[in-house]
Amino acid sequence: MHAQAVRLATLVCGAALFAAAQLVPAPSPTHAQAPRATPGRPTQEAHLSQCTGVVTSTLSANTVRICDTVTTTVRLEPACPFCQGGLSIVIIQPDESGANIWSGLVAARMFQELQRYQKEYERAHNRTFLVQAGAIRYDADRPRVALEMTTNLDRARLVVGLAQYGLDQDGGPYPEAAQMAVRMLDGAKRARETNGQPPCMEVIVFFGSREGSTLDTREYTSLVLRAKAVIRARTRNFFLGCTAEATLLCGFFLYMQDNQRYTATKFDAYDVFANIMIREFRDIQTGKDEELVRDVALTQRLPAGLAYVPGSAIPPPAAVVTATTGETELRWDYVPFRKMGPREVTY
């Protein structure tokens with residue numbers, strides 16, 4: 001397992017006392033190199049995962065004589081930006097619908113809110129927040145990719161606004177469209193920009209209705225329930241919009257989503273889905289800290305000539321190993337790392 005390493009060196013009696021911290025982001029590994037450090041000052045470094053760590057080491061005395069006992073205090077502060085894998089969203093639309101303008105604007109508002117969040121995030125963290133978006137269109141016979149997954153949200157807004165007006169959609173291949181959406185999410189998860197990190201939210205927005213359908217109720221309901229099973233097996237962030245001109249044709253289509261909070265018709269506001277999505281996304285952000293780092297290990301290396309006082313460490317280290325050449329290594333393991341925040345040891 002590769003890991004991020006942050007090191008700080010302090011000179012004591014002409015020998016070097018090393019403090020090293022390992023941060024292992026969940027779940028993707030990263031490479032790092034140990035930079036030079038100024039005694040008593042924290043160090044940070046840039047690396048692929050964008051997780052960082054600060055290690056500060058202080059001594060209980062300004063001057064240390066041979067055979068003196070001195071207390072070392074080491075403070076470790078890990079930090080990871082929120083949601084390194086970003087957010088992925090796929091919009092599914094019929095080629096034609098009675099409420100085509102409404103569905104296009106509902107989808108576009110979701111992209112607008114994500115763009116607004118991106119700007120806010122970049123101001124706060126000086127880095128880009130990753131959003132990948134794609135679109136699928138379907139006719140009565142088959143679905144097709146209208147927009148491959150992209151980070152260009154302006155392009156995504158344009159594409160979802162191109163659905164045509166019409167009343168002859170004849171239902172649609174809902175399960176096949178749902179499967180195509182899941183494959184697109186899989187591709188987004190493996191995209192280079194994610195650096196192997198999973199998205200913290202995957203969203204599917206499915207538009208359609210029974211408008212123009214010649215299928216009997218049993219056959220139509222079967223399509224709806226099969227699509228529902230495909231989507232619900234992948235994500236709970238599932239929005240369903242009925243695009244019928246007459247909302248009486250929404251009933252069977254809305255069986256795809258059990259929770260009415262995530263359904264809408266042409267009588268709902270354009271930002272109905274955008275507001276819910278962003279609110280739930282911020283809830284994830286608030287409660288995600290403990291998942292950002294999988295484990296942390298803090299290592300102290302004492303060169304020959306410096307001896308660890310047994311039992312003096314608070315908290316006790318997980319391991320104390322003294323080599324035959326006289327070097328001693330102390331290690332503290334924080335596995336799993338339950339909550340972000342500083343850790344401190346003394347010895």
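The values are calculated or read from the model by the stated rules, or taken from the named source; none is laboratory data. Bear in mind the structure is a predicted one, so any value in this text is a computation, not a measurement. With ideal geometry, Cβ positions are generated from the backbone for all residues, glycine too; neighbour counts draw on all protein chains shown. Calculation scope for accessible area: heavy atoms of the full protein, side chains included, ligands and nucleic acids excluded. Shrake-Rupley method; radii C 1.70, N 1.55, O 1.52, S 1.80 Å.
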Query - Index of the failed condition, T322 passing every other in (1) open to solvent by less than 40 Å² (accessible area, probe 1.4 Å); (2) without any contact (Cβ under 8 Å) to a residue 40 or more places away in the chain; (3) farther than 21 Å from T221 by Cα - result: (1)
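Of all residues being of a type in the set (D, E) and more than 29 Å from T221 (Cβ to Cβ) in the range 269-286, which is least open to solvent (accessible area, probe 1.4 Å)? Just the residue, please.
Of the range 269-286, the ones of a type in the set (D, E) are 271, 280, 283.
From what is left, the residues that are more than 29 Å from T221 (Cβ to Cβ) are 271, 283.
Working: D271: 54, D283: 99 Å².
Ranking the candidates gives D271 first.
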Query raised in the report: Does T214 satisfy being β-branched (V, I, T) and open to solvent by less than 60 Å² (accessible area, probe 1.4 Å)?
Result: no
Query raised in the report: Which of the residues that make up the range 252-268 are farther than 15 Å from Y174 by Cβ, in a loop (DSSP other than H, G, I, E, B) and open to solvent by 40 Å² or more (accessible area, probe 1.4 Å)?
Result: D258, N259, K266, F267, D268
Query - All positions within the range 58-97 that are open to solvent by less than 10 Å² (accessible area, probe 1.4 Å) and over 27 Å from the mean Cα position of the chain (by Cα) - result: T72, V74, P94, S97
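Regarding Y347, is this residue touching a residue at least 12 places away in the same chain (Cβ under 8 Å), open to solvent by 20 Å² or more (accessible area, probe 1.4 Å) and on the phi < 0 side of the Ramachandran plot? Explain how you work it out, then say what you get.
On the way: touching a residue at least 12 places away in the same chain (Cβ under 8 Å): yes; open to solvent by 20 Å² or more (accessible area, probe 1.4 Å): yes; on the phi < 0 side of the Ramachandran plot: yes.
For Y347, the condition - touching a residue at least 12 places away in the same chain (Cβ under 8 Å), open to solvent by 20 Å² or more (accessible area, probe 1.4 Å) and on the phi < 0 side of the Ramachandran plot - is met.
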Query raised in the report: Looking at the range 217-248, which of its residues are surrounded by fewer than 20 Cβ atoms within 10 Å (Cβ to Cβ) and closer than 19 Å to D170 by Cβ?
Result: T217, R218, E219, Y220, T221, S222, L225, R226, E245, A246, T247, L248
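Before we move on, is V320 among the aliphatic types (A, V, I, L, M), modelled with pLDDT of 90 or more, more than 30 Å from Y117 (Cα to Cα) and not in a strand (DSSP E or B)? Don't jump to the end; show me each part of the working.
Numbers: among the aliphatic types (A, V, I, L, M): yes; modelled with pLDDT of 90 or more: yes; more than 30 Å from Y117 (Cα to Cα): yes; not in a strand (DSSP E or B): no.
Considered against the rule, which asks whether it is among the aliphatic types (A, V, I, L, M), modelled with pLDDT of 90 or more, more than 30 Å from Y117 (Cα to Cα) and not in a strand (DSSP E or B), V320 comes out as no.
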Query - Unmet requirement for Q197, which otherwise passes all of (1) open to solvent by 50 Å² or more (accessible area, probe 1.4 Å); (2) over 19 Å from G241 (Cβ atoms) - result: (1)
Query - Top-ranked residue of the range 159-181 - restricted to ones that are at pLDDT 95 or above and out of contact with any strand residue (DSSP E or B) (no Cβ under 8 Å at 6 or more places or on another chain), ranked as least open to solvent (accessible area, probe 1.4 Å) - result: P175
Query raised in the report: Can you pull out the residues in the range 114-139 that are in a loop (DSSP other than H, G, I, E, B), without any contact (Cβ under 8 Å) to a residue 60 or more places away in the chain and either in contact with a Ser or Thr (Cβ under 9 Å, 6 or more places away or on another chain) or polar (S, T, N, Q) (or both)?
Result: N126, T128
**Report entry** Qualifying positions in the range 122-144 - surrounded by fewer than 19 Cβ atoms within 10 Å (Cβ to Cβ) and closer than 20 Å to T194 by Cβ
**Finding:** E122, H125, N126, R127, T128
